[in-house]
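Peer 1: Let me begin by handing over the structure; questions about it come next.
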């Protein structure tokens with residue numbers, strides 16, 4: 001198991017910026033994720049908060065369908081860039097909220113930095129569409145990419161938070177179904193164990209965005225009677241046979257223990273994996289790409305993995 005702890009940015013400007021973003025998240029976003037917040041209000045609020053993040057310049061996007069599943073396709077606008085490598089990206093949002101639009105700051109920066117095409121999937125959400133609807137959509141989209149002529153070694157699957165867990169469980173289902181594995185997995189702050197054992201709740205406090213009560217409520221909306229199912233909590237599954245995996249985590253997030261446990265489980269299963277944990281960062285800090293230096297660094301590491309399969313790239 002290889003876990004690299006990356007130090008906090010010591011520059012005063014970055015410290016002030018990080019402090020401002022923390023305050024904004026705690027004041028504006030965290031209250032939205034309270035268990036009593038109606039789902040429609042939560043979804044509107046997340047769309048509005050996404051307006052404070054930056055879409056990468058020099059990218060273009062279009063709406064597409066992957067065998068009937070809506071998605072947003074993003075790529076670098078430079079015509080000389082090759083787009084034969086693609087990332088199927090699954091957004092976060094506790095399986096209840098989120099869309100390609102709310103996570104465009106991540107997908108657009110990955111598209112520009114890597115030169116790969118990024119398919120951001122608009123998978124179905126709970127509680128209207130509980131498990132396994134989201135996973136069904138992800139598998140359908142992957143098979144659609146294969147049908148379009150992409151070879152498995154040209155496709156990676158990634159995601160953040162719930163989308164990170166969904167990317168992992170989708171890879172498990174592909175393996176179990178006898179379908180060819182993607183070239184790799186990119187998991188950002190993955191929510192990979194929805195059972196939330198009490199020991200974890202005691203070890204890791206609430207963070208600037210999420211609380212354990214929020215996660216428990218979302219888990220019940222997604223898979224109320226199946227939290228231990230390996231496709232719901234893939235951290236509890238047999239992880240053998242999965243492709244190389246890059247994990248991006250942070251020390252100051254509620255799912256920090258998930259990151260460590262998942263890295264250990266993947267290593268025990270013989271999966272080639274590397275985990276980068278950013279000091280003093282929070283849950284899915286990569287959405288601040290283009291603003292926060294630590295987020296830009298994470299984007300570069302993920303882009304290197306997409307381009308060259310480098311699990312431990314040297315990034316200046």
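Peer 1: Could you order peptides 216-227, 141-152, 4-15, 234-245 by the average number of other Cβ atoms within 10 Å of their residues, highest first?
Peer 2: Taking the mean over residues of other Cβ atoms within 10 Å, the ranking is 234-245, 216-227, 141-152, 4-15.
Peer 1: Can you give the direction-averaged projected area of the convex hull of the alpha-carbon atoms in the range 1-128, in nm²?
Peer 2: 11.0 nm²
Peer 1: What order, most packed first, do the peptides 273-281, 246-254, 27-35 have when packing is the mean number of other Cβ atoms within 10 Å of each residue?
Peer 2: Ranked from most to least packed, the peptides come out as 246-254, 273-281, 27-35.
Peer 1: Once you put a point 7 Å from the Cα of residue 20 and another 7 Å from the Cα of residue 34, both along the Cβ direction, what distance in nm separates them?
Peer 2: Simple spin-label model gives 2.7 nm for this pair.
Peer 1: Ok, one more. What is the spin-label model distance, in nm, from residue 12 to residue 129 if the labels are put 7 Å beyond Cα along the C-beta direction?
Peer 2: Here the answer is 5.1 nm between the modelled labels.
Peer 1: So, one more: Could you calculate the FRET efficiency of residue 280 with residue 312 from 1/(1 + (r/R0)^6), where r is the beta carbon distance between them and R0 is 25 Å, rounded to 0.05?
Peer 2: With a Förster radius of 25 Å, E is 0.70.
Peer 1: Also: Using 0.36 nm times the number of residues separating residue 153 and residue 5, minus their current alpha carbon distance, what extension gain do you get?
Peer 2: 50.4 nm
Peer 1: If you average the sequence gap of Cα pairs under 8 Å that are 6 or more apart and divide by the length of the range 115-187, what percent do you get for the contact order?
Peer 2: 29 percent
Peer 1: Still on this structure, I have one more. Can you tell me, using C-alpha contacts under 8 Å and at least 6 residues apart, the relative contact order of the range 244-301 as a whole percent?
Peer 2: 39 percent
Peer 1: So what is the relative contact order for the chain, in percent, with contacts set as C-alpha pairs under 8 Å and at least six apart?
Peer 2: Contact order relative to length: 21 percent.
Peer 1: Which residues does the label zone of residue 54 cover in the range 89-117, counting backbone N under 17 Å from a point 7 Å along Cα→Cβ?
Peer 2: Label zone hits: 103-114.
Peer 1: Now for a separate question. Counting only helical runs of four or more DSSP H residues, what would the 222 nm mean residue ellipticity of the chain come to if each run contributes -39,500 (n - 2.57) and the total is spread over all its residues?
Peer 2: -11000 deg cm²/dmol
Peer 1: Right, here's the next one. Can you give the extra length, in nm with one decimal, that the chain gains between residue 177 and residue 44 once fully stretched, where that is 0.36 nm per residue apart less the Cα-Cα distance?
Peer 2: 44.2 nm
Peer 1: Hey, could you get me the Stokes-Einstein D for the range 248-316, Kirkwood radius over alpha-carbon pairs, 25 °C and 0.890 mPa s, rounded to whole µm² s⁻¹?
Peer 2: Estimated diffusion coefficient is 193 µm²/s.
Peer 1: Going by average Cβ neighbours within 10 Å, how do the peptides 42-51, 84-93 rank, with the highest at the top?
Peer 2: 84-93, 42-51
Peer 1: A further question on this structure: Calculate how many DSSP beta bridges within the chain are antiparallel, expressed in % of all such bridges and rounded to the nearest 5.
Peer 2: Taking every DSSP beta bridge within the chain, about 30 percent pair in antiparallel fashion.
Peer 1: Something else about it: Subtracting the Cα-Cα distance from 0.36 nm times the residue separation, let me have the gained length for residue 228 to residue 195 in nm, one decimal.
Peer 2: This chain segment gains 11.2 nm when fully extended.
Peer 1: Taking neighbour Cβ counts within 10 Å as the exposure measure, how do 3, 188 sort from fewest upward?
Peer 2: Placing the least packed residue first, the sequence is 3, 188.
Peer 1: Using alpha carbon coordinates only, what is the Rg to Rh ratio of the range 9-308, with Rh defined as the Kirkwood radius?
Peer 2: So for the range 9-308, dividing Rg by the Kirkwood Rh gives 0.93.
Computed from the coordinates by the stated procedures, all read-outs in this text should not be read as laboratory data. It should be emphasised that the depicted structure is a prediction, and the values quoted were computed from it without experimental measurement. Here the Cβ is made from the backbone with ideal geometry for all residues, glycine too, and neighbour counts use every protein chain on show.
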